[in-house]
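First up is the structure itself, then whatever we jot down about it.
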Amino acid sequence: MTETTRGRPIAIQMTVNSVPRAANVEPRTLLVHFLRETLGLTGTHIGCDTTQCGACTIHLDGRAVKSCTILAAQAQGGDLTTIEGLADADGLHPVQEGFRQEHGLQCGYCTPGMIMNAANLLHRNPHPTEDEIKHALQGNLCRCTGYVNIVRAVQWAAAQPGGSSVSG
Ligand code: FES
Ligand code: FES
């Protein structure tokens, strides 16, 4: 493969927050850069370059994934949700509301990734134990909170009537 071939833009299309999106991207473009720079969805954060922080977590075809670990081209045809698409016409997602009720954030940098991962956890496991919450969020780092209120926020969401049945 020549240098020219490696850099040739490729056409991709996917659904992001229920909206069909299409673009030409370089094959090396990371999904997180595509979301932030091409689509302008800057709620998905970048907190590291080592796949450790989880600030870039989104949902891809029903799974929580770190969007810095995936090429945009690998999401071709996918169904994506970012933090901008988590709330619906009825208001905040229960996990978002839980973070507000339980003061689950300070600077907020880790928060979009935390919320996306926690929402996916509750979708898979509506009533997780405290240990299951901690285990699910172990790939999301927070420099501020000490995690206690983050766990409480997820527990708050899980305790809402129908709260954990919201897709995520
Ligand atoms: Fe993706 Fe840190 S930016 S894990
Ligand atoms: Fe600041 Fe988590 S609230 S990094």
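Observations
- Here the contact order of the chain, divided by its residue count and restricted to Cα pairs under 8 Å and six or more residues apart, works out to 23 percent.
- Extension reserve of the Q52-A89 stretch, reckoned as 0.36 nm per residue once the Cα distance is removed: 10.0 nm
- Protection proxy ranking, peptides 84-95, 11-22, 59-70, 113-124, average beta carbon neighbours within 10 Å, highest first: 113-124, 59-70, 84-95, 11-22
- A cut-off of 5 Å between modelled amide H atoms, ignoring neighbours fewer than 5 places along the same chain, links V16 with R21, L80.
- Per residue convex hull volume, Cα atoms of the chain, in Å³: 111
- Since only I70, Q96, N17 are under comparison, the one whose Cα sits farthest along the positive direction of the charge dipole of the chain, derived from C-beta charges on Lys, Arg, Asp and Glu, is I70.
- Potential lengthening between A159 and E130 on full extension [0.36 nm per residue; Cα-Cα distance subtracted]: 9.2 nm
- Calculated from backbone phi, Karplus (6.51, -1.76, 1.60) coupling profile of segment 51-61 in Hz, x at Gly/Pro: 6, 10, 8, x, 5, 9, 5, 9, 10, 10, 6
- Dimensionless Rg/Rh of segment 65-159 - Kirkwood Rh, Rg from C-alpha atoms: 0.97
- Vicinal HN-Hα couplings computed from phi for segment 98-112 (Karplus, 6.51 cos²θ - 1.76 cosθ + 1.60; Hz; Gly/Pro x): x, 5, 6, 5, 9, 6, x, 8, 10, 6, x, 5, 7, 4, x
- Phi angles of segment 80-85 translate, via the Karplus equation with coefficients 6.51, -1.76, 1.60 and θ = phi - 60°, into HN-Hα couplings of 10, 10, 10, 4, 5, x Hz per residue; Gly and Pro are given as x.
- Comparing Cα centroids, segment 36-103 and segment 20-34 end up 15 angstrom apart.
- The share of accessible area on segment 9-69 that comes from carbon and sulfur is 46 percent, using a 1.4 angstrom probe.
- Amide proton proximity set for I10, modelled H, under 5 Å, gap of 5+: V25, E26
- Taking amide hydrogens as placed 1.01 Å from N in the peptide plane, the amide H of A55 sits under 5 Å from those of G47, L141, each at least 5 positions away in sequence or on another chain.
- 222 nm mean residue ellipticity, helices alone, for the chain (DSSP H n ≥ 4; -39,500 (n - 2.57); rounded to 500): -7500 deg cm²/dmol
- Percent antiparallel among DSSP beta bridges (both partners in the chain, rounded to 5): 90
- Summed over the residues of the chain and divided among them, the accessible surface reaches 53 Å² per residue at a probe radius of 1.4 Å.
- Under a model in which nothing but the beta-carbon of Lys, Arg (+1) and Asp, Glu (-1) is charged, segment 14-138 shows a dipole of about 300 debye around its Cα centre.
- Placing one equal scatterer on every Cα of segment 1-80 and applying the Debye formula, the log10 ratio I(q)/I(0) at q = 0.19, 0.22, 0.23, 0.26 Å⁻¹ is -0.78, -1.01, -1.09, -1.30.
The values are calculated or read from the model by the stated rules, or taken from the named source; none is laboratory data. Remember, it's a predicted structure, so these values are computed and weren't measured experimentally. Positions of Cβ are generated from backbone atoms using ideal geometry, with glycine treated the same way; all protein chains shown enter the neighbour counts. Calculation scope for accessible area: heavy atoms of the full protein, side chains included, ligands and nucleic acids excluded. Shrake-Rupley method; radii C 1.70, N 1.55, O 1.52, S 1.80 Å.
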